[in-house]
């Protein structure tokens, strides 16, 4: 069991400890996606502790409203949408309190930015198995990701790491598919620009960086 799932059992109120079939089914669907939820939340708030708190809050909301989920549909997209809404609600509350807001615009999995994917169709999936992604997954890449605008980073993380389709990302981020495509294209361009020199140092062809 992943750490967050274990933590949920130690909370003040643990609805998943009740032993009913609904809670058990929810947990069964949830656990494979917890790491991805934490990654996305972390990319939005840049604070691991806060990301975990907000992910836990989203999980509890998901359980509370699980009777509204239709079996056979996309649970992953459904729970990620709850997570994004939870993070945005937190940021809005913090903004109203007069504190600096860091809107979760930078979407984290932009590593495909170094590839040459076709962005012309909303049915396209980015591949998180691209060798370039893994070979360049280090501090310089993470820094480049964190320098992206928040929503671009979030869209890129959903596409590359979580492998959502464009239409799914649009539902999660509550924006048109065209906006998703635009954000992904922009994120890809920014990543290529920022990592062009580094990619060449690592022995990748010059086409992996620079301008589109």
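Stretching residue 61 away from residue 175 to a fully extended chain increases their span by 38.9 nm, per 0.36 nm per residue minus the current alpha-carbon distance.
The stretch between residue 22 and residue 163 holds 48.1 nm of extra length on full extension. This uses 0.36 nm per residue minus the Cα-Cα distance. Here 82, 88 are placed in order of increasing Cβ neighbour count within 10 Å, fewest first, which gives 88, 82. Placing pseudo-labels 7 Å out from each Cα toward the beta carbon at residue 201 and residue 85 gives an inter-label distance of 4.4 nm.
Readers should treat all values here as calculations from the given coordinates under stated rules, not as data from a laboratory. Keep in mind the model is a prediction, meaning the values are calculated, not measured. As a convention, Cβ positions derive from the backbone with ideal geometry for all residues, glycine included, and neighbour counts pool all protein chains shown.
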